[in-house]
Each structure stands twice: as structure tokens, then as C-alpha cells.
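In what follows, a structure is listed as C-alpha cells, so that the remarks can point back to it.
Since every read-out is calculated from the coordinates, none of them should be taken as a lab result. Everything numeric in this text was worked out from a predicted model, so none of it was measured. Virtual Cβ from ideal backbone geometry, glycine too; neighbours counted across all protein chains shown.
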Amino acid sequence: MMKQEKTIIKIKDLQRHYKTGQVIVKALNGVSFEIKKGEFIAIMGASGSGKTTMLRILGLIDKPTKGEYTINNLNVIDLPEQERTYYRLTQLGYVFQDYALINEMDASENVYILSLMEGKSKKESILTSKQALQKVGLGDKLNRIPDQLSGGEKQRVAVARAIAKKPKILFADEPCANLDTHTSKQVLEVFRTLNKKFGQTIVMVTHEPWHTKYVSRIIKLSDGLIISDKKRRG
């Protein structure tokens, strides 16, 4: 009998409405699904479909208008703001499309600064940073500043920063939007290695159909609703 993976995320009837003047925009209009530990999921859809809104809520950056959201059976929606912030910073990882690196810091410093801010020792933070950069294939470029790195290498530093704290879930918002096809493949290979070799749960927003060959499941949104939710073979 095959081992059943543990459900890490549960979403039920998630809604997010915005008011623009007198108009109510239903960015999410009743979305329900579950994510199991170790899945690599692509959230797709046209502009305005609700995929970025979805990722912001999953990443505890935004709150839903209505609905249920639990991570490992913890109701993260109703956590006090300070506890939500702490949970987001210590348990979740983020990769954005613009890298968000500090130009005056080298790759290692860009990764370990968050550990220092969490109160860890500099020695521990540096070791964790080195391990994370080795995982993304940048063990030989620890001392390079962003201006000395290619676009793909900058994004891999951003990935290393996100995984250094060993997050329960890694969220990626259009991580290849600013990269060419060749460089995008390199970054996506890093995601696939993290998922396959280290069991990292990943939720990635993308609009590129060819990116889906790297993931295990595809959720498609349209007008704030799920129109397709399929596991990918292979």
C-alpha cells in the first residue's frame, strides 16, 4: 500500500472581495482545495483571474474576506496580527520576481541577514546561508555582490534566502518573469531539485504553460474560481 502524504494546507470557500468606488470586485469567489506535503503546485490563469490574490492570502500577506485556511490544522486566518507576522517570517518562504536583494551585500549576507534578524548567532546564520546557497548551486559565489551575478544567479540567491530557514512551504510569485528561457530553466530546475530531493512543498504562480512540466499539479483559476485542478504525470 502506498504511503499517503500528509495534508499541509486546507482551503475552504475562500473569498476576497475589493470595493472600487461602488463596484465590488470578487478577486476570489469561493475557492476550496487541499495541498499535501511535498507537492509542487503551479497556480495559473489569465491576468485578473485571482492567482496573485490567492498567493498573497496563502502566504499570509493578505487576509480573505471570508473562508477557512489552515496550515497543519492551525487556523492561520484568526491568529493575532503579531503571531501571523511571526509565523509568516519563521515558517513560510517567499521568492518574488524582482529578487529583492540588497546591492551592498554579497550573496551570503543577503541570505543570512534574515537569520540574524530572527536572533540567531552570526556563526549559525553564516553556516545556514552557506548550506542554502550550495543547495541552489551557488556554493562558489558566496562573496559575489548582486552586480556581479546574472539574473538567474540573483534569483537563485533569492531562493536560497527563502529556504535557509527551512520553511514548511515555499511560495514563488512569477519567479521567472524577468528571466530569459534558458535562465528560467535553470531556476525551475532548482525548484524541482528542492522538491524531489529535499521534499520541499512549493506553490508557484506562473503564466507560462511550459513551466508546468516541472510541477506535480496544476490549479487553474478564472474570474476568482478554480476551473481545473489536475495532477501531472511524470
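Which of the residues spanning region 63-122 are surrounded by fewer than 18 Cβ atoms within 10 Å (Cβ to Cβ), farther than 24 Å from PHE40 by Cβ, among the hydroxyl-bearing types (Ser, Thr, Tyr) and within 20 Å of the chain's Cα centre (by Cα)?
The answer is THR85, TYR86.
Under 6 Å by Cβ, and 6 or more places apart or on different chains, what pairs join a residue from region 66-80 that is touching a residue at least 60 places away in the same chain (Cβ under 8 Å) and under 22 Å from VAL25 (Cβ atoms) with one that is of a type in the set (A, V, I, L, M, F, W, C) and surrounded by 14 or more Cβ atoms within 10 Å (Cβ to Cβ)?
Taking only residues 6 or more apart or on different chains, the pairs are TYR69/ILE11; TYR69/VAL76; TYR69/ILE77.
If a residue must be out of contact with any Leu (no Cβ under 7 Å at 6 or more places or on another chain), within 14 Å of ASP98 (Cβ to Cβ) and β-branched (Val, Ile, Thr), how many such residues does region 149-207 contain?
1
So which of THR181, THR206, THR193, THR201 ends up being among the β-branched types (Val, Ile, Thr), under 22 Å from GLY45 (Cβ atoms) and surrounded by fewer than 19 Cβ atoms within 10 Å (Cβ to Cβ)?
THR181
Pick from region 113-152 the residues that are acidic (Asp, Glu) and assigned to a helix (DSSP H, G or I): which of them is farthest from LEU194 (Cα to Cα)? Before the answer, list the steps.
Quick first cut of region 113-152, residues acidic (Asp, Glu) only: 118, 124, 140, 147.
The next check asks that each one be assigned to a helix (DSSP H, G or I); those that pass are 124, 147.
Details: GLU124: 22, ASP147: 26 Å.
The qualifying residue farthest from LEU194 (Cα to Cα) is ASP147.
Considering only residues of region 131-141 that are more than 13 Å from VAL159 (Cα to Cα) and without any contact (Cβ under 8 Å) to a residue 24 or more places away in the chain, which is nearest to the chain's Cα centre (by Cα)?
If we filter region 131-141 for residues that are more than 13 Å from VAL159 (Cα to Cα), which is where we start, we get 139-141.
Then keep just the ones that are without any contact (Cβ under 8 Å) to a residue 24 or more places away in the chain; that gives 139-140.
Details: GLY139: 22, ASP140: 25 Å.
Looking at residues that are more than 13 Å from VAL159 (Cα to Cα) and without any contact (Cβ under 8 Å) to a residue 24 or more places away in the chain, I get GLY139.
All but one of (1) in a strand (DSSP E or B); (2) more than 15 Å from the chain's Cα centre (by Cα) hold for ILE41; state the number of the condition that does not hold.
Only one criterion is unmet by ILE41, namely (2).
Anything in region 1-49 that is touching a residue at least 12 places away in the same chain (Cβ under 8 Å), of a type in the set (A, V, I, L, M, F, W, C) and out of contact with any Gly (no Cβ under 8 Å at 6 or more places or on another chain)? List them, or say none.
ILE8, ILE9, PHE33, ILE35, PHE40, ILE41, ALA42, ILE43, MET44, ALA46
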